[in-house]
Amino acid sequence: MNRDEIKGKAKDIEGKAERKVGEWTGDEEAQIEGAGKQVEGKAQKLVGKVKKEGRDLAEDIRDKAEEERAKRDREEKERGVA
């Protein structure tokens, strides 16, 4: 988990608690604010997941490029080109 995922989860939990307290006390404003925090938290968590997936994809691409480069170098060496 990255920072955005953690902060998003925390905000989601905080919002859920605020919304529940608003439900128990009949405070509609607290319910609305809590629901809003939940949405913010879920969005921030999603941003974190997208960032993580992007980094993972970039790493996979770099690894694949390095494998291809090494393969090409071996093939050239076998042919006596290098």
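Quick look at the numbers
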{"quantity": "Under 12 Å, Cβ to Cβ, from residue 65 - net charge with Lys/Arg +1 and Asp/Glu -1", "calculated": "-1"}
{"quantity": "Within-14-Å neighbourhood charge of residue 75 [Cβ basis; K, R +1; D, E -1]", "calculated": "+1"}
{"quantity": "Average Cα contact separation per residue, the chain, under 8 Å, 6 or more apart, as relative contact order %", "calculated": "32"}
{"quantity": "From phi via Karplus (6.51, -1.76, 1.60), per-residue ³J(HN,Hα) for the range 17-31 in Hz, x at Gly/Pro", "calculated": "5, 4, 5, 4, 4, x, 5, 5, 9, x, 8, 5, 5, 5, 4"}
{"quantity": "Net dipole in debye of the range 3-79 [+1 Lys, Arg Cβ; -1 Asp, Glu Cβ; about Cα centre; nearest 20]", "calculated": "300"}
{"quantity": "Karplus-derived HN-Hα couplings along the range 49-62 (A = 6.51, B = -1.76, C = 1.60, θ = phi - 60°), whole Hz, x at Gly and Pro", "calculated": "5, 5, 4, 4, 4, x, 5, 4, 5, 4, 5, 4, 5, 4"}
{"quantity": "Residue among 15, 46, 25 farthest towards the positive dipole end of the chain, charges placed on Cβ", "calculated": "46"}
{"quantity": "Longest to shortest principal axis, alpha-carbon extents of the chain, angstrom", "calculated": "81, 13, 12"}
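Readers should treat all values here as calculations from the given coordinates under stated rules, not as data from a laboratory. Since this is a predicted model, take the numbers as computed values, not measurements. All Cβ positions, even for glycine, are placed from backbone atoms using ideal geometry, and neighbour counts span all protein chains on display.
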